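Structure first, then comments.
Please treat every number below as a calculation from the coordinates, not as lab data. Everything numeric here is computed off the predicted structure, so don't read it as measured data. So basically every Cβ, Gly included, is an ideal-geometry build from the backbone, and we count neighbours across all protein chains shown.
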Amino acid sequence: TLMDAGDTAGLRQVFEPMLHEYPDRGFSDGLHYWLGLADVLAGEFRPALGHFESILQDYSAGGYAEDAHYRVGVCWFGLLAYPKALRQLEGFLEDYPDSRLISEAHALIGDLAAAEGRINAALDAYASARETGGWLNPPNMGYINHAVFQGGALLAQERRWTEMREWFEAYLRRWGKAGRAGDALYQLGRAQVALGRDEAMLELW
């Protein structure tokens, strides 16, 4: 409830004394988890990393371990330690191939690759995020959209207009109005203009 309200200060006020007083109790992994999330939201990735790594070290069989494994990768990304983040996220995908977080992990790998200028690797990861996000019920539209539009931005940056057109056409065929159809049509129109297909662009817009 505190996290939903954005009250990370209140969460710390309640949970930090509990963790200090009962560091080895059965609920300590939950305390570490929520304190770690609060730190991530505040951009404090180093203390968050400590919380999530504590879960993996001391409560590896607990219910928070899967999520913590992914969050360690998030923390390394936030600390700009890209090789460590990539190793962690690839390990997560190998260990938890059916996780509800798989789309998020692929999307973050795409962001990592894009930050390092590895365009094709980023596009492959974004494509995986787009596909795996559709496996869930309901689909993970937040990360599907993130992957599609980040990938589209890379294709535009590289002036790969034919691929950009195909990229957004596939998105519209799959998701239509369930996704960001208007934004996708706009980007598709940009690609059509760049390809000299003004009439196709006008029809779209």
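So, counting K/R as plus one and D/E as minus one, what does the shell of residues with Cβ under 14 Å around ALA9 add up to?
Neighbourhood net charge equals -3.
Just how large is the dipole of segment 6-104 about the Cα centre, in debye to the nearest 20, putting +1 at every Lys and Arg Cβ and -1 at every Asp and Glu Cβ?
Details: 7 positive and 16 negative charges, 50 e Å.
Roughly 240 debye for segment 6-104.
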Hey, what angle do you get for helix 141-157 against the long axis of the chain, alpha-carbon based, 0 to 90 degrees rounded to 10?
50
Can you compute the equivalent ellipsoid semi-axes for segment 42-105, i.e. the square root of 5 times each eigenvalue of the Cα gyration tensor, sorted largest first and rounded to whole Å?
17, 15, 9
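If the chain between TRP135 and ASP98 were fully stretched, how many nm would it gain, using 0.36 nm times the residue separation less the Cα-Cα distance? The partial results should precede the final answer.
Working: separation 37, 0.36 × 37 = 13.32 nm, distance 0.97 nm.
Contour length minus Cα-Cα distance gives 12.4 nm.
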Any idea what log10 I(q)/I(0) is at q = 0.19 Å⁻¹ for segment 72-171, Debye with uniform C-alpha scatterers and no solvent?
-0.87
Given the candidates LEU195, GLN57, GLY134, the one whose Cα lies deepest towards the positive end of the charge dipole of the chain, counting +1 at each Lys or Arg C-beta and -1 at each Asp or Glu C-beta, is LEU195
For every other residue with a beta carbon closer than 15 angstrom to the beta carbon of ALA114, add +1 if it is Lys or Arg and -1 if Asp or Glu, then tell me the sum.
-1
What's the longest bit of the chain with no exposed GluC sites (Glu not before Pro), using DSSP loop states and at most 16 other Cβ atoms within 10 Å as the test?
45-115
Could you tell me which of ALA114, SER103, TYR82 has its Cα farthest along the dipole of segment 48-205 towards the positive end, charges placed at Cβ (Lys, Arg +1; Asp, Glu -1), taken about the Cα centre?
ALA114
Could you tell me how far the Cα centroid of segment 66-122 sits from the Cα centroid of segment 129-205, in Å?
23
0 to 90° range, to nearest 10: angle between helix 181-194 axis and the chain longest Cα axis:
50
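Please sort by residue number the trypsin sites (Lys or Arg not before Pro) in segment 169-198 whose DSSP state is loop and whose Cβ has at most 16 other Cβ atoms within 10 Å. Display every interim value, and only then the final one.
On the way: sites: ARG173, ARG174, LYS177, ARG180, ARG190, ARG197; in loops: ARG180, ARG197.
Counting only loop positions with at most 16 other Cβ atoms within 10 Å, the trypsin sites (Lys or Arg not before Pro) in segment 169-198 are ARG197.
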Relative contact order (percent) for the chain, with alpha-carbon contacts under 8 angstrom and 6 or more residues of separation?
10
With +1 on the Cβ of every Lys and Arg and -1 on the Cβ of every Asp and Glu, the dipole magnitude of the chain about its Cα centre, in debye rounded to the nearest 20, is 680
With angles folded into 0 to 90 degrees, how steeply does helix 119-133 sit against the dominant principal axis of the chain? Use alpha carbons for both and round to 10.
70
Based solely on its DSSP helices, what 222 nm [θ] is calculated for the chain when runs of n ≥ 4 H residues each add -39,500 (n - 2.57) and the sum is averaged over all residues, nearest 500 deg cm²/dmol?
-24000 deg cm²/dmol
